[in-house]
Amino acid sequence: MNLSFKDEILAGIPADRLPEAKPYDKDINHAPKRKDILKPEEKVLALKNALRYFPESLHAQLAPEFAEELNLYGRIYMYRYRPSYKIYARPVEEYPARSRQAAAIMAMIQNNLDERVAQHPHELIIYGGNGAIFQNWAQYRLVMQYLATMTDEQTLVMYSGHPLGLFPSHKDAPRVIVTNGMVIPNYSKPDDWERMNALGVSQYGQMTAGSYMYIGPQGIVHGTTITVMNAARKQGGSPAGKLFVTAGLGGMSGAQPKAGNIAGVVSVTAEINPKAAEKRYTQGWVDELHPSLDELIPRIKKAVANKEVVSLAYVGNVVDLWERLADEGIHVDLGSDQTSLHNPWAGGYYPVGYSLEESKKMMADDPAAFKEAVQASLRRHVAAINRLTAKGMYFFDYGNAFLLESSRAGADVLRLDGSFRYPSYVQDIMGPLYFDYGFGPFRWVCMSEKPEDLALTDALAMEVLGRIAERSPEEIAGQMRDNIHWIEEAGRNHLVVGSQARILYADCEGRTQIALAFNEAIRDGRLKGPVVLGRDHHDVSGTDSPFRETSNIYDGSRFCADMAVQNVIGDGFRGATWVSIHNGGGVGWGEVINGGFGMVIDGSEDSARHIREMLFWDVNNGIARRSWARNAGARFAIEREMARTPDLRVTLPNEADETLIIKSLNQQ
Ligand SMILES: NC(=O)c1ccc[n+]([C@@H]2O[C@H](COP(=O)([O-])OP(=O)(O)OC[C@H]3O[C@@H](n4cnc5c(N)ncnc54)[C@H](O)[C@@H]3O)[C@@H](O)[C@H]2O)c1
């Protein structure tokens with residue numbers, strides 16, 4: 001029986017029948033087999049856990065099927081329960097719903113799972129190799145059913161992909177509260193995730209994957225463009241003819257070549273997985289694919305000599321590329337890496353000397369040997385990079401735990417005092433220039449799914465930023481200019497993959513004024529549907545991550561997570577439509593706590609109030625914390641905010657004289 005789209009959503013998990021089994025689609029990018037971590041008695045538990053979504057009458061058929069999935073893939077995805085309709089963000093009114101806010105969340109979920117957007121869509125992995133939206137298709141079906149039937153006086157509670165249920169609340173409360181990977185701190189090692197995920201009780205939500213806020217590679221293109229542009233500026237002179245070398249054409253990393261082009265450099269990105277490279281090539285995100293280094297090297301020389309703006313990809317292992325560049329004595333201006341080193345033992349990083357298939361097999365069959373191969377590869381990786389930085393290359397960690405994992409592998413990446421010999425991009429660029437002033441990756445999605453709505457929002461954002469920039473203080477004038485340039489070019493750069501979404505970096509004033517302008521345009525009908533506001537978790541206040549977002553916090557608090565936890569609580573009672581808080585994301589399980597929000601605005605007075613109240617907190621929480629950590633830009637920004645907001649009173653630090661302190665300590 002073929003149900004309509006709406007009826008299939010409303011049916012949830014049918015109690016009386018099994019949906020037709022879905023054949024394993026070989027043409028799609030699948031998650032690697034996860035390691036076989038469960039003891040026999042734990043496998044019993046995993047199956048019991050999976051079967052609790054279904055009536056007992058179906059267990060005889062489902063149990064062997066799930067046992068086979070656990071055996072073949074290391075996880076129970078419940079492939080049979082993939083819906084029969086195509087998954088993509090439909091215009092909001094096409095969803096069955098009693099709450100428009102809930103319908104918007106359904107569209108966001110479907111956008112994340114769109115085959116053009118998700119990395120391993122059938123395993124519900126959105127990006128980063130393990131960034132999950134749900135653990136299995138039963139959860140997806142239940143969530144969609146709950147969202148389709150809930151009202152604006154209920155809240156859906158999500159535990160790591162599992163919908164605990166709908167609870168009565170009120171219209172100003174979030175419609176959905178998401179937690180992902182929240183575990184007792186002492187049980188937050190990578191294998192704890194493997195075990196709990198295989199048991200079906202926890203998941204790695206990455207940052208925007210588990211919070212339904214991923215908008216494809218555009219989300220990261222902008223941040224990457226800012227980073228590459230500013231890294232090139234650090235090297236002095238014009239970007240033309242500068243060579244930028246990096247790795248990864250996956251979910252997020254796939255943005256690097258495009259950002260290289262926008263920044264005006266020659267970029268070379270290594271990608272070992274031909275499917276991932278091909279996907280980015282056909283989407284127009286990288287200009288040329290080169291499977292052979294012999295043929296790539298002369299092409300690089302030519303591109304640099306002619307100062308071309310071009311993105312080249314090496315389809316192979318990045319370590320081979322770095323070693324060849326070092327051997328050939330090619331001058332590289334900028335270097336980085338975006339392999340998924342937050343997930344080094346389960347497919348995030350492929351060791352040199354092994355084919356992709358060999359690695360995948362070793363990872364599942366002999367995890368200890370695989371770990372050794374990865375660590376040996378990282379030592380070679382760093383050694384080649386060190387040869388090039390000795391000749392003037394500027395290398396930065398790109399927030400993927402490259403330096404952290406390399407140091408754990410014994411690579412030559414530490415200074416005598418134990419600190420990393422290379423900076424993270426947040427220490428050098430994103431922190432002092434952006435986060436400390438409240439600039440972060442604000443984004444929006446037009447729920448009408450009409451390109452003309454997106455074009456109008458671009459124009460409104462440009463107008464608002466232009467107006468604010470006229471009176472911006474010198475400290476943030478450059479950031480404003482770069483963002484106005486970005487939004488002017490955004491339409492022409494064809495950045496949309498999936499839903500009609502846009503990102504730009506803005507501070508509190510920018511985000512608020514842009515959102516209010518959208519709200520008015522919805523109210524007077526210029527915009528044809530509601531708009532979802534959100535942001536990457538990678539932001540001013542949302543993320544405590546000692547090797548990334550908070551790596552430029554130097555008062556000893558970078559291993560504390562109060563800011564991220566406070567942030568999500570504060571957003572929750574100031575008007576967010578949904579909030580989420582995650583363990584892991586970006587740099588790895590146990591290494592970061594990050595959170596985000598989504599807010600549906602519909603032109604109403606309530607929306608205007610939510611925008612004002614929630615965005616203010618969502619940005620200024622982090623600025624206040626950064627100011628308390630004695631970051632000069634943040635001190636400037638929070639004092640400026642206090643001057644215009646009488647109700648804001650932030651504790652400011654007093655500076656102490658270090659000579660006095662040392663003298664006092666020496667007297668003891
Ligand atoms: N700094 C930031 O703002 C930022 C943003 C997004 C992602 N990240 C981090 O960057 C990493 C990449 O994210 P993603 O979403 O692109 O992950 P991904 O897993 O989709 O992509 C990584 C790619 O690297 C390739 N790869 C792995 N080892 C390789 C090797 N040795 N040589 C060549 N290619 C290799 C993989 O095949 C994969 O396609 C993650 O750790 C993520 O957390 C940082």
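The values are calculated or read from the model by the stated rules, or taken from the named source; none is laboratory data. Keep in mind that this is a model prediction, so the values were computed, not measured. Here the Cβ positions follow ideal geometry from the backbone for every residue, glycine too, while neighbour counts run over all protein chains shown. What goes into the accessible areas is simple: the full protein's heavy atoms, side chains included, and nothing from ligands, DNA or RNA. Shrake-Rupley method; radii C 1.70, N 1.55, O 1.52, S 1.80 Å.
Here are some notes:
- The range 553-573 and the range 283-355: distance between their alpha carbon centers, rounded to Å: 37
- Using the Cβ-Cβ distance between Glu20 and Cys560 with R0 = 35 Å, the FRET efficiency computed as 1/(1 + (r/R0)^6) comes to roughly 0.10.
- Estimated inter-spin distance, Ser57 and Arg471, nm [label 7 Å along Cα→Cβ]: 6.9
- Ranked by the mean number of other Cβ atoms within 10 Å of their residues, highest first, the peptides 69-75, 334-340, 312-318, 487-493 fall in the order 334-340, 312-318, 69-75, 487-493.
- DSSP beta bridge pairing in the range 134-202, given as percent antiparallel to the nearest 5: 60
- Net lengthening on full extension, Thr282/His494 (0.36 nm per residue, minus Cα-Cα): 75.0 nm
- The packing ranking of peptides 247-258, 520-531, 496-507, highest mean first, is 247-258, 496-507, 520-531, where packing means the average number of other beta carbon atoms within 10 angstrom of each residue.
- Each semi-axis of the equivalent ellipsoid for the chain is √(5λ) with λ an eigenvalue of the Cα gyration tensor; in descending order they amount to 36, 32, 25 Å.
- The three principal axes of the Cα atoms in the range 65-183 give end-to-end lengths of 44, 33, 26 Å, sorted in falling order.
- Mean projected area of the Cα convex hull of the range 216-298, taken over all directions, amounts to 5.2 nm².
- The chain, accessible surface, carbon-and-sulfur percent (1.4 angstrom probe): 52
- Each listed q (0.13, 0.23 Å⁻¹) maps to a log10 I(q)/I(0) for the range 420-520, found by the Debye formula over equal Cα scatterers with no solvent: -0.49, -1.23.
- Mean accessible surface per residue for the chain, computed with a 1.4 Å probe while every protein chain stays in place, in Å²: 38
- For Leu660 and Glu639, a Förster radius of 41 Å and the Cβ-Cβ distance give a FRET efficiency of 0.95, rounded to the nearest 0.05.
- Ellipticity estimate at 222 nm from DSSP helix runs (n ≥ 4, -39,500 (n - 2.57)) divided over the chain, nearest 500: -13500 deg cm²/dmol
- Separation of the Gln668 and Ala632 label points, Cα + 7 Å toward Cβ, nm: 3.0
- Each label point was placed 7 Å from the Cα along the Cα-to-Cβ direction; for Phe167 and Asp365 their separation is 4.8 nm.
- DSSP bridge orientation in the chain - percent antiparallel, rounded to nearest 5: 55
- Using the Cβ-Cβ distance between Asp647 and Arg233 with R0 set to 41 Å, the FRET efficiency from 1/(1 + (r/R0)^6) comes to roughly 0.60.
- Peptides 640-649, 156-165 ranked from most to least packed, by the mean per-residue count of other Cβ atoms within 10 Å: 156-165, 640-649.
- Accessible heavy-atom area order of Ser419, Ser541, highest first, probe of 1.4 Å: Ser419, Ser541
- Annotation: lysines with alpha-carbon distance below 25 angstrom to Lys43 (same-chain offsets under eight excluded): Lys22, Lys33, Lys35, Lys189, Lys360, Lys361, Lys371.
- Local electrostatic count at Glu153 - Lys and Arg +1, Asp and Glu -1, tallied over other residues with Cβ under 15 Å: +1
- Per-residue SASA entry for Tyr354, accessible area with 1.4 Å probe, Å² rounded to 10: 90
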